[in-house]
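Peer 1: Please read through the structure below; I'll follow up with questions.
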Amino acid sequence: MIELEILGNKDTRSGFGEGLAELGRTNPDVVALCADLTGSLKMDAFQNEYPDRFYQVGIAEANMIGIAAGMTIGGKIPYTGTFANFSTGRVYDQIRQSVAYSQKNVKICASHAGLTLGEDGATHQILEDIGMMRMLPNMTVIVPADFNQTKQATIAIAQHQGPVYLRFGRPVMPIFIKPDAPFIIGKANIINEGSDVTIIACGHLVWKSIEALKILIEKGISAELVNMHTIKPLDEEAILKSVSKTRCVVTAEEHMINGGLGEAVAQVLSRKLPTPHEFVAVNDSFGESGTPMELMTKYGIDTKNIVEAVEKVVSRKS
């Protein structure tokens, strides 16, 4: 197993804030719009440094998406910011019609995604947003793993022509991606090489998978861990290369079992390499109020669940 250096602990939304501020200094076409959640999205630095390029639209998310789409016509690169629930569920029609269908160069940046929003409860804990966004033609979907990778992704999407959905979160988590690591949209990272099982994870579940690797080693199971930070376009080559070697796979995500990373991987494997596959995801349920770690445990997306899924899929392979 590769020994990972832990570089600190920080929330992924702060990676977005730092990346956006850095972009502001290097790309004058970048503008930022926020729906009354500047502090929560860590957009303060950009707002303070470039007040003439920052637009506080208030609690009017649909209007924000429409404004952003219009700005692209003048050559601007708008980054919109609000909670993931309001970034997708509340404004799906505007995203579909004004951004995806029209292929506008809007970067939809969504914080507080998944169960780890925590105490705000089920009304804010959207678990279907990856599915909603990846089903839209022309949409790129990115779910980075830690603070550094979120910063890298925030900067990288400015160079990508077309709509992007960038998903990140609120809880403080370990930083394990090096700050100078390359970030290429659509190209997965291999965190650990192994021979018995492939674990494909995104977002906060990458760290939970790293924790699972240590337990699996003690059980004599060699696991390959793939950080699938881009859900669309999916790195099919990385999936097929790894699974051809291990002959079984576990997907892990902070999302509904329907429509997300696991389903995307299953589509690839069903067409090209039918393989035993177990899913670590929320099983067709809304969340509830609680601490992030309590909720991950209760809803079956914790370290223990990844270990159990690996043991199950390895036994199926045998």
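Peer 1: Take the conditions part of a loop (DSSP other than H, G, I, E, B) and within 25 Å of R13 (Cα to Cα) and apply them to G220. Does it pass?
Peer 2: No, not satisfied.
Peer 1: Another question, then. Tally time: how many residues in segment 37-65 are in a loop (DSSP other than H, G, I, E, B) and in contact with an Asp or Glu (Cβ under 9 Å, 6 or more places away or on another chain)? Steps first, answer last, please.
Peer 2: Let us first name the residues in segment 37-65 that are in a loop (DSSP other than H, G, I, E, B), namely 37-43, 50, 57-60.
Within this subset, residues satisfying the condition of being in contact with an Asp or Glu (Cβ under 9 Å, 6 or more places away or on another chain) are 38, 42, 57-60.
Going through segment 37-65 one residue at a time, the tally reaches 6.
Peer 1: How many residues does segment 149-173 contain that are buried (at least 18 other Cβ atoms within 10 Å of the Cβ) and in a strand (DSSP E or B)?
Peer 2: Count: 5.
Peer 1: I'd like the full set of residues that are assigned to a loop (DSSP other than H, G, I, E, B), touching an Asp or Glu at 6+ places or on another chain (Cβ under 8 Å) and surrounded by 15 or more Cβ atoms within 10 Å (Cβ to Cβ), limited to segment 1-36.
Peer 2: Across segment 1-36, the qualifying residue is only A35.
Peer 1: Can you say whether T140 is polar (S, T, N, Q) and either at pLDDT 95 or above or touching a strand residue (DSSP E or B) at 6+ places or on another chain (Cβ under 6 Å) (or both), as far as the supplied structure shows? Don't jump to the end; show me each part of the working.
Peer 2: Details: polar (S, T, N, Q): yes; either at pLDDT 95 or above or touching a strand residue (DSSP E or B) at 6+ places or on another chain (Cβ under 6 Å) (or both): yes.
Considered against the rule, which asks whether it is polar (S, T, N, Q) and either at pLDDT 95 or above or touching a strand residue (DSSP E or B) at 6+ places or on another chain (Cβ under 6 Å) (or both), T140 comes out as yes.
Peer 1: Continuing with the same structure: Give segment 179-209 a look and list any residue that's more than 15 Å from H229 (Cα to Cα) and not in a strand (DSSP E or B), or say none.
Peer 2: Answer for segment 179-209, where residues must be more than 15 Å from H229 (Cα to Cα) and not in a strand (DSSP E or B): P179, D180, E193, G194, S195, D196.
Peer 1: Could you list, in sequence order, all residues of segment 112-127 that are buried (at least 20 other Cβ atoms within 10 Å of the Cβ) and in contact with a Gly (Cβ under 7 Å, 6 or more places away or on another chain)?
Peer 2: H112, A113, G114, L115, T116, G118, Q125, I126, L127
Peer 1: Please indicate, with yes or no, whether at least one residue in segment 128-148 is basic (K, R) and buried (at least 24 other Cβ atoms within 10 Å of the Cβ). It would help to see each step written out before you state the result.
Peer 2: Initially, segment 128-148 is screened for residues basic (K, R), giving 134.
Then drop every residue that is not buried (at least 24 other Cβ atoms within 10 Å of the Cβ), which leaves none.
The answer is no; no qualifying residue exists.
Peer 1: Of V265, V280, V313, which residue is in contact (Cβ under 8 Å) with a residue 12 or more places away in the chain, touching a strand residue (DSSP E or B) at 6+ places or on another chain (Cβ under 8 Å), over 30 Å from R170 (Cα atoms) and not in a loop (DSSP other than H, G, I, E, B)? Break it down into steps so the answer makes sense when it comes.
Peer 2: Working: V265 fails: over 30 Å from R170 (Cα atoms); V280 fails: over 30 Å from R170 (Cα atoms).
After applying the criteria, what remains is V313.
Peer 1: Mind listing whichever residues of segment 153-178 are touching a Gly at 6+ places or on another chain (Cβ under 9 Å) and under 21 Å from K208 (Cα atoms)?
Peer 2: Listed by number, the residues that qualify are A153, R167, F168, G169, R170, P171, P174, I175.
The values are calculated or read from the model by the stated rules, or taken from the named source; none is laboratory data. Given the structure is predicted, the values throughout are model-derived calculations rather than measurements. Quick reminder, even Gly has a Cβ in these numbers, built from the backbone with ideal geometry, and neighbours come from all protein chains shown.
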